[in-house]
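The values are calculated or read from the model by the stated rules, or taken from the named source; none is laboratory data. Just so it is clear, the model here is predicted, and its values are computed rather than measured. Here the Cβ is made from the backbone with ideal geometry for all residues, glycine too, and neighbour counts use every protein chain on show. Remember, those area values only see protein heavy atoms, side chains included, never the ligands or the DNA or RNA. Shrake-Rupley method; radii C 1.70, N 1.55, O 1.52, S 1.80 Å.
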Amino acid sequence: MLEGETLTRQEMYDILIGITQEKYPQEQIAALLTGLQMRGIAVDELLGFRDGILATGVPAILDAEKYIDIVGTGGDQKNTFNISTCSCLVVAGAGYKVAKHGNYAATSVSGASNVIEEHGVKFTNDLAQLNKSINESNFTYLHAPLFARAMKFVAPIRKNISFPTIFNLLGPIVNPSQPKCQLLGVATLDQMRLYNAVYHKLGLNFGVENSIDGYDEISLTGNFKITTNNYERIFSPTDIGLPVAKAHELYGGETKEEALKIFDNVLANKATEAQKNVVIANAAFAIQVLEDGKKDIKECCAMAKESIESGKALACFKKYVEINS
């Protein structure tokens, strides 16, 4: 690596397995993570670590035929409210199945696990329970620490070196249920190119989104770029029939309680127009991915809006909480 060469997918897989077997001193692992970060991470290197994490983790094979995960890479430092998680439930309310993979907050006040747990949900990796959730409420939640066993072996190193590493890029692609559809928000166009290549290699239906002003989701604060299996395009909010939002209108608050209130308000159709619209936009592109790009994005926006206004999104979440409390 010091000579600028890249590692193969198999070599990276073997290294990840070796890390879980505690074969290497921590200094070597830290050096590897630092070198990868400085040189830039290749597609096969990311996929090799992904393969290793899935192989050493707890699988969650769901019996639903087609479902999606909506996730952001994080790291945009914007501290928005839980847009991806709200969008998942809006998609569920529109009649599609969703398997959300997430964790506690890393770069914002409240992560997906925070806001879901606050409703009394007990996280599980029990397959029967996960399947009951997705089949009866259209939504199931996979709390990452219950599945990715390899992560605990690098947790102290990641904490001590304090900068993002390849492990920060793995979260979106190690969903233990391995959905065939995914909508991913990224903070940079470099990340968009990386994941675009990753998804093509994995053969998934995907959408990768980035707001030009640096949000790792569609923020509606300006133009945003979408790349999918079917097209690559820059949109403005008005292209999809929605008004431009102000950055402060998407703020997630200073506390978990404030973030929780926004989450609840969105699902109860009591949120501000900007909060509601940004969830509609993200949910709409997820619906378009699920529909293999065959539905017009404005039609998908109308479906997402109806999911909120009819109370179907909230009903899905209430059913999910009831199953998992």
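Summary of values
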{"quantity": "Antiparallel %, DSSP beta bridges [both residues in the chain], to 5", "calculated": "35"}
{"quantity": "Accessible area in square angstrom per residue, the chain, 1.4 angstrom probe", "calculated": "43"}
{"quantity": "Partner lysines for LYS201 [C-alpha distance under 23 Å; skip if fewer than 8 residues away on the same chain]", "calculated": "LYS66, LYS100, LYS180, LYS225, LYS294"}
{"quantity": "Portion, in percent, of the accessible area of the chain that falls on carbon or sulfur, probe 1.4 Å", "calculated": "50"}
{"quantity": "Rounded, prolate or oblate (a/c below 1.5 giving rounded, otherwise prolate when a/b exceeds b/c) for segment 66-121 by Cα gyration tensor", "calculated": "prolate"}
{"quantity": "Over segment 1-107 - Rg/Rh using Cα atoms and the Kirkwood inverse-distance radius", "calculated": "1.05"}
{"quantity": "Rounded Å value of the spacing that divides the Cα centres of segment 220-297 and segment 1-80", "calculated": "29"}
{"quantity": "Of every Cα-Cα pair in segment 275-325, the percent that sits beyond 15 Å", "calculated": "50"}
{"quantity": "In sequence order, calculated HN-Hα J values of segment 196-213 (Karplus, 6.51, -1.76, 1.60; Hz; x Gly/Pro)", "calculated": "4, 5, 4, 5, 4, 5, 7, x, 9, 7, 9, x, 10, 10, 8, 7, 4, 8"}
{"quantity": "Tilt relative to the chain, helix 43-56 - C-alpha long axis, 0 to 90 degrees, to 10", "calculated": "90"}
{"quantity": "Near-label residues of segment 221-246 by backbone N, under 14 Å of a point 7 Å along Cα→Cβ of ASP213", "calculated": "221-225, 236-238, 243-246"}
{"quantity": "Fluctuation leader among ASN138, ASN168, ASN82 - the chain, Gaussian network, Cα springs under 10 angstrom", "calculated": "ASN168"}
{"quantity": "Förster radius 56 Å - calculated FRET efficiency between LYS246 and TYR24, Cβ distance, rounded to 0.05", "calculated": "0.70"}
{"quantity": "Electrostatic dipole magnitude of segment 183-325 [Cβ: Lys, Arg +1; Asp, Glu -1; Cα centre; debye, to 20]", "calculated": "260"}
{"quantity": "Angle between the chain longest axis and helix 127-137 axis [Cα atoms, degrees, rounded to 10]", "calculated": "20"}
{"quantity": "Signed unit charges on C-beta, dipole axis of segment 169-325, positive-most listed residue SER211, TYR199, GLY185", "calculated": "TYR199"}
{"quantity": "Nearest-20 debye value, the chain charge dipole, Cβ charges on Lys, Arg, Asp, Glu", "calculated": "400"}
{"quantity": "Inter-label distance, nm, simple model (7 Å from Cα along the C-beta direction), GLU257/ASN79", "calculated": "1.7"}
{"quantity": "Relative packing of peptides 298-311, 181-194 - highest average C-beta neighbours within 10 Å first", "calculated": "181-194, 298-311"}
{"quantity": "Fraction of beta bridges assigned by DSSP in segment 95-250 that are antiparallel (%, nearest 5)", "calculated": "45"}
{"quantity": "Dipole of the chain, positive direction: furthest Cα of ILE297, GLY241, GLY95, with charges on the beta-carbon", "calculated": "GLY95"}
